[in-house]
There are 2 protein chains.
Amino acid sequence: MEVLKNRILKDGVVLGDNILKVDSFINHQMDIKLLNQIGKEFKERFKNIEITKILTIEASGIGIACIAAQYFDVPVVFAKKHEGINMDKDNYESEAFSFTKKKNYKIKVSKKYLSAEDKVLIIDDFLANGNASLALIDILNQAKSEIAGVGIVIEKGFQPGRKLVEDKGVKVESLAILESISNGKIIFK
Amino acid sequence: MEVLKNRILKDGVVLGDNILKVDSFINHQMDIKLLNQIGKEFKERFKNIEITKILTIEASGIGIACIAAQYFDVPVVFAKKHEGINMDKDNYESEAFSFTKKKNYKIKVSKKYLSAEDKVLIIDDFLANGNASLALIDILNQAKSEIAGVGIVIEKGFQPGRKLVEDKGVKVESLAILESISNGKIIFK
């Protein structure tokens, strides 16, 4: 997706060898016009697949998923990392490792909002080692939902996330795939 | 906002005397059509005020803010409660007490994304004791941004949040105001 790649080249910031910061337009400040272009592109990539719900994970995935959902005309469910007193007690649960927070965390989705009738598209901002996507796939398997695929804004093509997700038999569509971000230089696949 | 009130009556669940769960359509599963109606209504309520940015707080505010931002044609910034390794070190910070998590937490916004040039609308799902709104107002004051107002989906009219925010000289617009939710019965103001 050219407009996204150009924006990453213009406003993305490489920290060290593995971290690409896109917090000026994707995951702290959000450019809603760009998110709309991203949402349209996800619809194009998954246009022939029936989808009844979008699943994402808090926090950075939520804005992307909500804007994209308008093109699919479906509700969004987000997996919770942080439980409040008003969270349901009857949840699907899985565990993931956070690359940016350097620790394991549990994710939960109320059993009310995923079922065997759902055909679910997973949407997230990044795919790197696949931790979040695999945990969401685990939750969808527990719910016996059909998995329509995984839609990713930025994939770190030099990390194994895609292979791990595809090994589960799940289709991955990434809008920008990084070949490398070594030495402060962003190279797309 | 009638469509919102009717939806709360239909799908809201009262727990105890103070908790209204709206997680089937607002803050766990999100009805994107309803969020669009909410976004349009926020635009209507703030139509004569210049706004350059929407500020919200993770996680439940993000979807509402992103959909609403389409009607204002502005970017969204969300305050972070949970810091990752790639978070900027130069942030505005404030502290809030979480009613649903029963503890204090810090919120942070990178100094890059709020300035004295910004005219900011705060958007959040709930206003109760005003903790989150007051912390966001504190951050906007640190940034010397102009505060255009606070837009709330559901206000607990029996708690002091509105008064505390208005005492700061900030306009509050709530789309549904609860008079009480005692004995499992939802009564609007």
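No lab work stands behind these numbers, since they all come straight from the coordinates. This structure is a prediction, so every number in the text was calculated from the model and none was measured. All Cβ positions, even for glycine, are placed from backbone atoms using ideal geometry, and neighbour counts span all protein chains on display.
Could you pull the copy-to-copy label distances for A:ILE187, with points set 7 Å along Cα to Cβ, in nm to one decimal and sorted shortest first?
Here the equivalent label points are 7.0 nm apart from this one.
Counting only other chains, what is the mean number of Cβ atoms within 10 angstrom of the Cβ of each residue in peptide B:20-33? Before the final figure, lay out the partial values.
Working: counts 1, 3, 1, 9, 5, 1, 0, 4, 14, 11, 10, 4, 12, 5.
Mean inter-chain Cβ contacts per residue within 10 Å come to 6.
Along Cα-to-Cβ, 7 Å out, sits the label point; list in nm, shortest first, how far the one on B:GLU166 is from those in the other copies.
Spacings between copies for this position, smallest first, are 6.0 nm.
Using DSSP to call loops (not H, G, I, E or B), can you name the trypsin sites (Lys or Arg not before Pro) in the stretch A:21-81 whose Cβ has at most 13 other Cβ atoms within 10 angstrom?
Working: sites: A:LYS21, A:LYS33, A:LYS40, A:LYS43, A:ARG45, A:LYS47, A:LYS53, A:LYS80, A:LYS81; in loops: A:LYS47, A:LYS81.
Of the trypsin sites (Lys or Arg not before Pro), the ones in loops of the stretch A:21-81 whose Cβ has at most 13 other Cβ atoms within 10 Å are A:LYS47.
Between the helical axis of B:131-142 and the dominant principal axis of chain B, each derived from Cα atoms, what acute angle in degrees is found, rounded to the nearest 10?
Result, in degrees: 20.
With the Cα gyration tensor of the stretch B:1-96 giving a ≥ b ≥ c as the square roots of its eigenvalues, does the rule (a/c under 1.5 for rounded; else a/b larger than b/c for prolate; else oblate) give rounded, prolate or oblate? Mind dumping the intermediate values first?
Details: a/c = 2.27, a/b = 1.27, b/c = 1.79.
In terms of gyration-tensor shape, oblate.
Looking at the protein assembly as shown, what % of its DSSP beta bridges pair antiparallel, to the nearest 5? Numbers along the way, then the final one.
Numbers: 32 of 74 bridges.
Approximately 45 percent, going by the DSSP bridge assignments.
Assuming 1.002 mPa s and 20 °C, estimate D for the stretch B:2-188 with Stokes-Einstein, Rh taken as the Kirkwood radius over Cα pairs, in µm²/s.
Details: Rh = 16.7 Å.
Once the numbers are plugged in, D ends up at 129 µm²/s.
I need the shape label for the stretch B:79-136. Rule: rounded when a/c is under 1.5, else prolate if a/b > b/c, else oblate, with a, b, c from the alpha carbon gyration tensor. Walk me through the numbers before you get to the answer.
On the way: a/c = 2.50, a/b = 1.26, b/c = 1.99.
It comes out oblate by the Cα gyration axes.
Divide, for the protein assembly as shown, the radius of gyration over alpha carbons by 2.2 N^0.38 Å, where N is the residue count.
Values: Rg = 19.9 Å, N = 378, 2.2 N^0.38 = 21.0 Å.
The value comes to 0.95.
Out of all DSSP beta bridges with both ends in chain A, state the antiparallel percent to the nearest 5. If you can, show how the numbers build up before the last one.
Values: 14 of 35 bridges.
Taking every DSSP beta bridge with both residues in chain A, the antiparallel ones total about 40 percent.
Expressed as a whole number of Å, what is the distance separating the alpha-carbon centroids of the stretch B:74-117 and the stretch A:98-113?
The stretch A:98-113 and the stretch B:74-117 have Cα centres spaced 20 Å from each other.
In a shell of Cβ-Cβ distance under 12 Å around A:ALA176, excluding A:ALA176 itself, what net charge do Lys and Arg (+1) and Asp and Glu (-1) give?
Working: positive: A:LYS5, A:ARG7, A:LYS156, A:LYS189; negative: A:GLU2, A:GLU41, A:ASP125, A:GLU155, A:GLU173, A:GLU179.
Result for the neighbourhood of A:ALA176: -2.
Given the pairs B:LYS80/B:LYS102; A:LYS108/B:LYS101; A:LYS53/A:LYS103; B:LYS81/B:LYS102, which are separated by over 25 angstrom at their Cα positions? Present the calculation step by step, with values, prior to reporting the outcome.
Details: B:LYS80/B:LYS102 18 Å; A:LYS108/B:LYS101 16 Å; A:LYS53/A:LYS103 29 Å; B:LYS81/B:LYS102 14 Å.
Exceeds cut-off: A:LYS53/A:LYS103.
Please list, by residue number, every one of the GluC sites (Glu not before Pro) in the stretch A:22-73 that is coil in DSSP and has at most 14 other beta-carbon atoms within 10 Å.
Values: sites: A:GLU41, A:GLU44, A:GLU50, A:GLU58; in loops: A:GLU50, A:GLU58.
For GluC sites (Glu not before Pro) across the stretch A:22-73 that sit outside H, G, I, E and B with at most 14 neighbouring Cβ atoms in 10 Å, the list reads A:GLU50.
Counting Lys and Arg as +1 and Asp and Glu as -1, what is the net charge of the other residues whose Cβ lies under 15 Å from the Cβ of A:GLN70? Intermediate results must be reported in sequence, preceding the final value.
Numbers: positive: A:LYS33, A:LYS40, A:LYS43, A:LYS47, A:LYS53, B:LYS33, B:LYS40; negative: A:GLU41, A:GLU44, A:ASP73, B:ASP31.
Net charge around A:GLN70: +3.
Quick one: angle between helix B:2-11 and the longest Cα principal axis of chain B, in degrees between 0 and 90, rounded to 10, please.
70 degrees
Calculate one ³J(HN,Hα) per residue across the stretch B:116-127 by plugging θ = phi - 60° into the Karplus curve 6.51 cos²θ - 1.76 cosθ + 1.60, and present them in order as whole Hz with x for glycine and proline.
Rounded to whole hertz, the list is 5, 7, 7, 10, 10, 9, 8, 10, 8, 6, 10, 10.
Quick one: if the Förster radius is 30 Å, what FRET efficiency do A:ILE187 and A:ASP73 give, using the C-beta to C-beta distance and rounding to 0.05?
Values: r = 37 Å, r/R0 = 1.22.
Given R0 = 30 Å and the Cβ-Cβ separation, E is 0.25.
If we count other beta carbons within 10 Å of each Cβ, what is the order of A:PHE158, A:PHE72, fewest first?
A:PHE158, A:PHE72
Within 9 Å, Cβ to Cβ, of A:PHE126, how many net charges do the neighbouring residues add up to if Lys/Arg are +1 and Asp/Glu are -1?
Working: positive: A:LYS156; negative: A:ASP124, A:ASP125, A:GLU155.
Summing Lys and Arg as +1 and Asp and Glu as -1 gives -2.
Return the calculated 222 nm mean residue ellipticity for chain A, to the nearest 500 deg cm²/dmol, obtained by summing -39500 (n - 2.57) across DSSP H runs with n ≥ 4 and dividing by the residue count. Can you show the working numbers first?
Values: 5 runs with 55 residues, N = 189.
Calculated mean residue ellipticity at 222 nm is -9000 deg cm²/dmol.
Helix A:60-72 versus the longest principal axis of chain A: what angle, 0 to 90°, nearest 10, using Cα atoms?
70 degrees
Over chain B, calculate the relative contact order: mean separation of alpha carbon pairs under 8 Å at least 6 apart, over the residue count, as a percent. Could you put the intermediate results ahead of the total?
Values: 371 pairs, mean separation 39.2, N = 189.
Relative contact order, chain B: 21 percent.
To the nearest 0.05, what FRET efficiency results for A:LYS119 and B:LYS102 with a Förster distance of 51 Å applied to their C-beta separation?
Working: r = 37 Å, r/R0 = 0.73.
Working from the Cβ atoms, E equals 0.85.
For label points placed 7 Å from Cα toward Cβ, what is the shortest-first list of nm distances from B:LYS47 to its copies?
For B:LYS47, the other copies' label points sit at 3.6 nm, shortest first.
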